[in-house]
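K.L.:
Shown below is the structure under consideration.
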């Protein structure tokens, strides 16, 4: 594929049409005597899986093996990830290939639990830089018809036309942002000077009509 652009394009197409965990196939690419095997994503509840993952103990710090400043960490250290995936299918972007086309969203309580933990950190700046993910405000948005979602292999839910079955209401994101802005008793009990202030996410809810 390195020498054949058409073969590379075909491989990319195959990868993208197998990003839906409900109907994706196992992909195998042979390299002489070896092979790369890509198994379909699991279809268990994304919300439960994410909640369990973020409930695990972690100190929100880089691994101790890193001795120098990490620019990427400085950019995202005061942000909260609430979703993964993208149903946009833009040709210039690889997020769909990395994270899948079906959105995975954390529960609001899981998000607020992380916000409270951040507020209790003595090194917290007092401002959350972002509450969102690598894509647009797609929090808790997905196909409203499970029987269609289970069979769909379309590469984009919004191009060349917007699918009517797509549930794209921004209310869940607005509720999560609003709840994160509200002061909490947990902040007042914190020893962090910054935590006594209201937590104000800098990200803005989608302007799509609710």
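K.L.:
Based on this model, can you work out whether residue 94 counts as under 29 Å from residue 24 (Cβ atoms) and modelled with pLDDT under 90? Reasoning before the result, please.
P.N.:
Values: under 29 Å from residue 24 (Cβ atoms): yes; modelled with pLDDT under 90: yes.
Yes.
K.L.:
For the list (1) touching a helix residue (DSSP H, G or I) at 6+ places or on another chain (Cβ under 8 Å); (2) over 13 Å from residue 81 (Cα atoms); (3) crowded, with 20+ Cβ neighbours inside 10 Å, I need the number of the one condition that residue 120 fails.
P.N.:
Looking at each condition in turn, residue 120 falls short on (3).
K.L.:
With the structure loaded, tell me whether residue 60 is at negative phi, touching a residue at least 40 places away in the same chain (Cβ under 8 Å), in contact with a helix residue (DSSP H, G or I) (Cβ under 9 Å, 6 or more places away or on another chain) and surrounded by 13 or more Cβ atoms within 10 Å (Cβ to Cβ) or whether it fails that test.
P.N.:
Values: at negative phi: no; touching a residue at least 40 places away in the same chain (Cβ under 8 Å): yes; in contact with a helix residue (DSSP H, G or I) (Cβ under 9 Å, 6 or more places away or on another chain): yes; surrounded by 13 or more Cβ atoms within 10 Å (Cβ to Cβ): yes.
Considered against the rule, which asks whether it is at negative phi, touching a residue at least 40 places away in the same chain (Cβ under 8 Å), in contact with a helix residue (DSSP H, G or I) (Cβ under 9 Å, 6 or more places away or on another chain) and surrounded by 13 or more Cβ atoms within 10 Å (Cβ to Cβ), residue 60 comes out as no.
K.L.:
Which residue pairs have Cβ atoms closer than 9 Å, lie 6 or more positions apart in sequence or on different chains, and pair a first residue in the stretch 82-106 that is in contact (Cβ under 8 Å) with a residue 40 or more places away in the chain with a second residue that is surrounded by fewer than 20 Cβ atoms within 10 Å (Cβ to Cβ) and assigned to a strand (DSSP E or B)?
P.N.:
Pairs that qualify, where the first residue is in contact (Cβ under 8 Å) with a residue 40 or more places away in the chain and the partner is surrounded by fewer than 20 Cβ atoms within 10 Å (Cβ to Cβ) and assigned to a strand (DSSP E or B), are 87/166; 106/81.
K.L.:
Here's a follow-up. Considering the stretch 142-153 alone, what residues qualify as being out of contact with any helix residue (DSSP H, G or I) (no Cβ under 8 Å at 6 or more places or on another chain) and in contact (Cβ under 8 Å) with a residue 24 or more places away in the chain?
P.N.:
If the condition is that a residue be out of contact with any helix residue (DSSP H, G or I) (no Cβ under 8 Å at 6 or more places or on another chain) and in contact (Cβ under 8 Å) with a residue 24 or more places away in the chain, then 149, 150, 151, 152, 153 are the ones that fit.
K.L.:
Also, I was wondering about something else. Of all residues in the stretch 97-107, which are surrounded by fewer than 19 Cβ atoms within 10 Å (Cβ to Cβ) and assigned to a helix (DSSP H, G or I)?
P.N.:
Matches in the stretch 97-107: 97, 98.
K.L.:
Here's something else I'd like to know. Taking the options 110, 190, name whichever one is modelled with pLDDT under 85 and in contact with a helix residue (DSSP H, G or I) (Cβ under 9 Å, 6 or more places away or on another chain).
P.N.:
Numbers: 110 fails: modelled with pLDDT under 85.
One residue alone meets the criteria, 190.
K.L.:
Considering only the stretch 13-31, how many residues are within 13 Å of residue 152 (Cβ to Cβ) and not in a loop (DSSP other than H, G, I, E, B)?
P.N.:
Within the stretch 13-31, residues that are within 13 Å of residue 152 (Cβ to Cβ) and not in a loop (DSSP other than H, G, I, E, B) number 1.
K.L.:
Right, something else. Given the conditions (1) under 18 Å from residue 105 (Cβ atoms); (2) outside any loop (DSSP other than H, G, I, E, B), and given that residue 158 satisfies all but one, which numbered condition is not satisfied?
P.N.:
(2)
K.L.:
When the residues of the stretch 125-141 are narrowed to those that are surrounded by fewer than 21 Cβ atoms within 10 Å (Cβ to Cβ) and touching a helix residue (DSSP H, G or I) at 6+ places or on another chain (Cβ under 9 Å), which ends up nearest to residue 155 (Cα to Cα)?
P.N.:
The residue in question is 135.
The values are calculated or read from the model by the stated rules, or taken from the named source; none is laboratory data. Please read these numbers as outputs of a predicted model, since none were measured by experiment. Reconstructed Cβ throughout: ideal geometry from the backbone, glycine too, with neighbour counts over all protein chains shown.
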